[in-house]
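Undergrad: First, the structure itself, so that you have it in front of you.
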Amino acid sequence: MTTRVRVRVRVTGIVQGVGFRPFVHGLAGSLGLAGQVGNDSSGVLLEAEGDQASVRKFLSELVEHPPALAVVERVETTEIPVTGAVGGPAAFRIMASSAGGQRDTLISPDTATCADCLAELFDPADRRYRYPFLNCTNCGPRFTIVTGVPYDRAATTMAGFPMCPSCAAEYHDPADRRFHAQPVCCPTCGPTLRLVGAEPEVVGVPGGPEPLLAAVAALRAGSIVAIKGLGGFHLATLARGAVGELAVARLRARKHREDKPFALLVGDLDAARELVAVDPVAAELLTSRRRPIVLLPRLPDATLAAQIAPGNDHLGVLLPYTPLHHLLAAELAEPIVLTSGNISDEPIAFEEREARARLAPIADLFLTHDRPIHMRTDDSVLRVVQGRPMPIRRSRGYAPEPVGLPWSAPRPVLGCGAELKSTFCLARGRHAFLSQHIGDLENYPTLRSYLDGVAHFQELFDVTPAVLAHDLHPEYLSTKFAFDRAEEAEPPLELVGVQHHHAHLAACLADNGVAGPVLGVACDGLGYGTDGTLWGGEIMVASLVGFRRLAHLATVPMPGGSAAIREPWRMAAAYLRAAYGPGVCPPAAAALAARQGERWEQLGAVLDAASSGSVNAPLTSSAGRLFDAVAALVGVRDRVNYEGQAAIELEQRVDHAEPGGYPARLVDDLIIGADLVSGVAEDLAAGVDAGVVAARFHNGVVDVLARACAAGREETGLGIVALSGGVFQNVVLTRRLADRLRADGFEVLTHHRVPPNDAGISLGQVAVAAALDRAAASD
């Protein structure tokens, strides 16, 4: 006689909003099992009854072949008494969701249109033909429309769109692809598209194809069109031809974005390959369900408007990720600019009224719709480094997917992040919920977005932090938020200050699932050091529970403080003085001095007074400022219009055939960056090509960092090196240093799930605070 069993199964992970219940229903039916499945605040809870072999097969399939968008983290099985229920098509039911208990469920990121929906979109016989909001269990909006959990239609911004009979039939049919797809809709019952002008008049007929076609016609005529996407509004123009040249120039002027590159939307991989070099890893990223912007080498014959990416030999390219974008790309059949809908330095606009107010001075028309966006989420941006993705901005398609911690956090932690490229991170157990990209915390709209995001994550994941981890810089708004929040709480929350570069390296460790200790190389623009100077070129011994500074770039003044970030020529003057002494202007600096005129002489007086502390010239060991100095000296750029511009353009000058490098001394714990600058100056005076100089500088940095790591290994015995900080977005530097370190026998850790820049700081803060909490609990 066949043994019958009944099991209760708890499944946790990303198992809501990804078709898991329909999958379970279908699997149980195919195996002749009876039972039920439902969502609750912890994930999916089910019961299954049948013969022992079928139940065993059922449990195996749950783990080994879940739906494409699901991430099964844990399956807990308990045997319970059999009921005698007989299996069959009607014997396994999907139950109404339950909202009780602590919320442990995970939320799926937004997902690009699947192949099945795409086929329907362009099928004239399909009832959703050319419908811009079609979706199914396998694709469509998730995080940006979710207002709460469990994940049901009532807890999304689709709650205001009752299903028509046809959609309801699909929703309730276990054999249908839209079975329990919460955002399911059609032209009869779903959101409608409309095109409006800067004034509120409607262009075209709402709901029909006319708004889309009118928007396409406007783009072809040179208009700037604001387009409502998944996580906010984008600004679009043509990207080539005489009309595109004028439109892109107008967009730059209106958006107050002088040089920072614009992203390009192209219809498919073939269209991308007409503009950029696409390797297999990049092709996989571009066509993945996440659909990020991917930064790729521009082809020499790519024909585009000159102002799309001035001074940049890479282009940011993405493929359509919603039905609306697919329709636009198909109608236009040419690349378009698709950039965040904001004024420079503000967060992306996402609410209708806000977008109309903020973007009216930029956009001529608005292609919009009536499905609300609950959580603004900008596009993700990635590069490919040594055959692996490296996130530059982790947002749409990735957030709020958690990053696993090397060990469990004893108490909930909120990592408050840094100032630039701000994110926050909530940790509970082994889950670190890293937020979407927020932006630079330097204005009220961005701070408001940050505060709203923190509140939403706490509600969504049912996390109330007991510990607040923050940067040491007292003037960061994120630090002030931490102190204010801790003081207002009752009882007061615990504060944990985490040094900026320790947080960078901890983020890299968490990214790689390593607790340390390791040797760490942290290179960035700057971060507040424990000695009161501004660090940024650091060799450390680091683990999640602490760090020790082994070596660093010798400090130089930053004349004018933050002005030296905006004007790299100031850092060139500071490094020339460090290399040659006061009052000496080597021949290579003559052109730079001439460009600055009287300001050059005035800066000399500032540097004279810097040692006394009587002027605004804080000391820094920043690698980013060293790159800026060389960029100005080479003649790449004296002033920047966006963060990192000088260093980015210096990287792009590198002559890849040049093997030589400038020598730099290691003196005790100091890396003498001025040696690299003197090498640059001497070559420039000898008439050496700027590309060769840029290459020798990069190679010199690689050599001295590798030698510093070798010295660190000799002292500590550690053979693993972690590379973190915004400077390691430089592909030339990262690739060459990683290759050199591996050749020297090191294991090298780099970022592949979170950005190496300040967007990863909040994860590092959380990892450190959780590790310290764990260590304290074990004492």
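Undergrad: Take the stretch 420-449 and flag every residue that is open to solvent by 30 Å² or more (accessible area, probe 1.4 Å) and at negative phi.
TA: Pass one, the stretch 420-449, residues open to solvent by 30 Å² or more (accessible area, probe 1.4 Å): 420-421, 428, 430-431, 437, 440, 442-445, 447-448.
Within the stretch 420-449, 420, 428, 430, 431, 437, 440, 442, 443, 444, 445, 447, 448 qualify.
Undergrad: Can you run down the residue pairs with Cβ atoms below 9 Å, 6 or more apart or on separate chains, where the first is in the stretch 626-655 and without any contact (Cβ under 8 Å) to a residue 12 or more places away in the chain and the partner is surrounded by fewer than 24 Cβ atoms within 10 Å (Cβ to Cβ) and among the polar types (S, T, N, Q)?
TA: Every condition considered, no pair remains.
Undergrad: Which of the residues that make up the stretch 122-147 are assigned to a loop (DSSP other than H, G, I, E, B), farther than 18 Å from residue 350 by Cβ and not hydroxyl-bearing (Ser, Thr, Tyr)? Outline the logic, then answer.
TA: In the first step, residues of the stretch 122-147 are kept if they are assigned to a loop (DSSP other than H, G, I, E, B); the result is 122-135, 137-138, 141-145, 147.
Filter once more, so that each one left must be farther than 18 Å from residue 350 by Cβ: 122-131, 134-135, 137-138.
122, 123, 124, 125, 126, 127, 128, 130, 134, 135, 138, listed by residue number.
Undergrad: For the list (1) without any contact (Cβ under 8 Å) to a residue 40 or more places away in the chain; (2) touching a Leu at 6+ places or on another chain (Cβ under 8 Å); (3) charged (D, E, K, R), I need the number of the one condition that residue 669 fails.
TA: (1)
Undergrad: State yes or no: is residue 253 modelled with pLDDT of 95 or more, more than 21 Å from the chain's Cα centre (by Cα), outside any loop (DSSP other than H, G, I, E, B) and of a type in the set (Gly, Ala, Ser)?
TA: Working: modelled with pLDDT of 95 or more: no; more than 21 Å from the chain's Cα centre (by Cα): yes; outside any loop (DSSP other than H, G, I, E, B): yes; of a type in the set (Gly, Ala, Ser): yes.
Considered against the rule, which asks whether it is modelled with pLDDT of 95 or more, more than 21 Å from the chain's Cα centre (by Cα), outside any loop (DSSP other than H, G, I, E, B) and of a type in the set (Gly, Ala, Ser), residue 253 comes out as no.
Undergrad: Now, a different point. Within the stretch 121-151, work out how many residues are of a type in the set (Ser, Thr, Tyr), more than 15 Å from residue 229 (Cβ to Cβ) and either in contact with a Gly (Cβ under 9 Å, 6 or more places away or on another chain) or modelled with pLDDT under 95 (or both).
TA: As a first pass, look at the stretch 121-151 and keep what is of a type in the set (Ser, Thr, Tyr): 129, 131, 137, 144, 147, 151.
From what's left, more than 15 Å from residue 229 (Cβ to Cβ): 129, 131, 137, 147, 151.
Now restrict to residues that are either in contact with a Gly (Cβ under 9 Å, 6 or more places away or on another chain) or modelled with pLDDT under 95 (or both): 131, 137, 147, 151.
Here the count works out to 4.
Undergrad: Run down 580, 575 and say which single residue is open to solvent by 30 Å² or more (accessible area, probe 1.4 Å), under 23 Å from residue 701 (Cβ atoms) and among the hydroxyl-bearing types (Ser, Thr, Tyr). Spell out the reasoning first.
TA: Working: 575 fails: open to solvent by 30 Å² or more (accessible area, probe 1.4 Å).
Just one listed residue meets the conditions, 580.
Quick grid of which residues meet (1) touching a strand residue (DSSP E or B) at 6+ places or on another chain (Cβ under 8 Å); (2) over 22 Å from residue 732 (Cα atoms):
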residue: 269; (1), (2): no, yes
residue: 273; (1), (2): no, yes
residue: 294; (1), (2): yes, no
residue: 299; (1), (2): yes, no
residue: 310; (1), (2): no, no
residue: 339; (1), (2): yes, yes
residue: 343; (1), (2): no, yes
residue: 349; (1), (2): yes, yes
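Undergrad: Would you point out the residue of the stretch 207-236, among those that are of a type in the set (D, E, K, R) and in contact (Cβ under 8 Å) with a residue 60 or more places away in the chain, that is least open to solvent (accessible area, probe 1.4 Å)?
TA: Taking the stretch 207-236 and keeping what is of a type in the set (D, E, K, R), we get 210, 220, 228.
Subsequent filtering for residues that are in contact (Cβ under 8 Å) with a residue 60 or more places away in the chain retains 220, 228.
Numbers: 220: 113, 228: 11 Å².
My answer is 228.
Undergrad: Something else: Could you check how many residues of the stretch 292-337 are farther than 12 Å from residue 275 by Cβ and of a type in the set (Lys, Arg)?
TA: 0
Undergrad: I need the full set of residues from the stretch 39-58 which are open to solvent by less than 10 Å² (accessible area, probe 1.4 Å) and outside any helix (DSSP H, G or I), in order please.
TA: So the first thing to find is which residues in the stretch 39-58 are open to solvent by less than 10 Å² (accessible area, probe 1.4 Å), and the list is 39, 41, 43-44, 46, 48-50, 55, 58.
Listed by number, the residues that qualify are 39, 41, 43, 44, 46, 48, 49, 50.
Undergrad: So, one more: Given the structure, is residue 489 open to solvent by less than 40 Å² (accessible area, probe 1.4 Å) and in contact (Cβ under 8 Å) with a residue 60 or more places away in the chain? Don't jump to the end; show me each part of the working.
TA: Working: open to solvent by less than 40 Å² (accessible area, probe 1.4 Å): yes; in contact (Cβ under 8 Å) with a residue 60 or more places away in the chain: no.
Spelling it out, it is not the case that residue 489 is open to solvent by less than 40 Å² (accessible area, probe 1.4 Å) and in contact (Cβ under 8 Å) with a residue 60 or more places away in the chain.
Undergrad: Applying the selection to the stretch 386-401, what residues are under 13 Å from the mean Cα position of the chain (by Cα) and in a loop (DSSP other than H, G, I, E, B)?
TA: Going residue by residue through the stretch 386-401, those that are under 13 Å from the mean Cα position of the chain (by Cα) are 389-401.
Within the stretch 386-401, 394, 395, 396, 397, 398, 399, 400, 401 meet the criteria.
Undergrad: Shifting gears a bit: Here is a list: 738, 771. Which entry is within 19 Å of residue 467 (Cβ to Cβ) and open to solvent by less than 10 Å² (accessible area, probe 1.4 Å)? Please lay out each step first, then the result.
TA: Details: 738 fails: within 19 Å of residue 467 (Cβ to Cβ).
Only one candidate passes the filter, namely 771.
Undergrad: With the condition kept exactly as written, say whether any residue in the stretch 598-621 is within 30 Å of residue 406 (Cβ to Cβ), surrounded by 24 or more Cβ atoms within 10 Å (Cβ to Cβ) and in contact with a Leu (Cβ under 9 Å, 6 or more places away or on another chain). Before the answer, list the steps.
TA: At the first step, the residues of the stretch 598-621 found to be within 30 Å of residue 406 (Cβ to Cβ) are 621.
Within this subset, residues satisfying the condition of being surrounded by 24 or more Cβ atoms within 10 Å (Cβ to Cβ) are 621.
Of the ones still in play, those that are also in contact with a Leu (Cβ under 9 Å, 6 or more places away or on another chain) are 621.
Yes.
Undergrad: Report whether or not residue 519 is over 29 Å from the mean Cα position of the chain (by Cα) and either modelled with pLDDT of 95 or more or in a strand (DSSP E or B) (or both). Walk me through it before giving the result.
TA: Working: over 29 Å from the mean Cα position of the chain (by Cα): no; either modelled with pLDDT of 95 or more or in a strand (DSSP E or B) (or both): yes.
For residue 519, the condition - over 29 Å from the mean Cα position of the chain (by Cα) and either modelled with pLDDT of 95 or more or in a strand (DSSP E or B) (or both) - is not met.
Undergrad: Show me the helices (runs of 4 or more DSSP H) entirely contained within the stretch 557-598 in which 2 or more residues are more than 34 Å from the chain's Cα centre (by Cα) and touching a residue at least 40 places away in the same chain (Cβ under 8 Å).
TA: Values: elements: 563-566, 568-580, 590-596.
It comes to 568-580, 590-596.
Undergrad: Here is a follow-up. Tell me, yes or no, whether the stretch 237-246 has at least one residue that is buried (at least 22 other Cβ atoms within 10 Å of the Cβ) and assigned to a strand (DSSP E or B). Steps first, answer last, please.
TA: Filtering the stretch 237-246 down to residues buried (at least 22 other Cβ atoms within 10 Å of the Cβ) leaves 237-239, 244.
When the remaining residues are screened for being assigned to a strand (DSSP E or B), the result is 237-238.
Yes; the residues of the stretch 237-246 include at least one that is buried (at least 22 other Cβ atoms within 10 Å of the Cβ) and assigned to a strand (DSSP E or B).
Undergrad: Would you check if there is a residue in the stretch 402-414 being part of a loop (DSSP other than H, G, I, E, B), touching a residue at least 24 places away in the same chain (Cβ under 8 Å) and either of a type outside the set (A, V, I, L, M) or open to solvent by less than 10 Å² (accessible area, probe 1.4 Å) (or both)?
TA: Step one: filter the stretch 402-414 for residues part of a loop (DSSP other than H, G, I, E, B), giving 402.
From what is left, the residues that are touching a residue at least 24 places away in the same chain (Cβ under 8 Å) are 402.
Cutting the leftovers down to either of a type outside the set (A, V, I, L, M) or open to solvent by less than 10 Å² (accessible area, probe 1.4 Å) (or both) gives us 402.
Taking every residue of the stretch 402-414 in turn, at least one turns out to be part of a loop (DSSP other than H, G, I, E, B), touching a residue at least 24 places away in the same chain (Cβ under 8 Å) and either of a type outside the set (A, V, I, L, M) or open to solvent by less than 10 Å² (accessible area, probe 1.4 Å) (or both).
Undergrad: Then there is this: Name the helices (runs of 4 or more DSSP H) wholly inside the stretch 660-779 in which the number of residues that are more than 31 Å from the chain's Cα centre (by Cα) and modelled with pLDDT of 95 or more is 1 or more. It would help to see each step written out before you state the result.
TA: Numbers: elements: 673-685, 690-716, 731-743, 761-778.
The helices (runs of 4 or more DSSP H) meeting that bar are 673-685, 690-716.
Undergrad: Same structure, new question: Within the set of pairs 6 or more residues apart or between chains, which connect a residue that is without any contact (Cβ under 8 Å) to a residue 60 or more places away in the chain inside the stretch 119-132 to a residue that is part of a loop (DSSP other than H, G, I, E, B) and hydroxyl-bearing (Ser, Thr, Tyr) with Cβ atoms less than 7 Å apart?
TA: 123/129
The values are calculated or read from the model by the stated rules, or taken from the named source; none is laboratory data. Being a predicted model, the structure only gives us computed values, none of them experimental. As a convention, Cβ positions derive from the backbone with ideal geometry for all residues, glycine included, and neighbour counts pool all protein chains shown. The accessibility values were calculated without ligands, DNA or RNA, using every heavy atom of the protein model including side chains. Shrake-Rupley method; radii C 1.70, N 1.55, O 1.52, S 1.80 Å.
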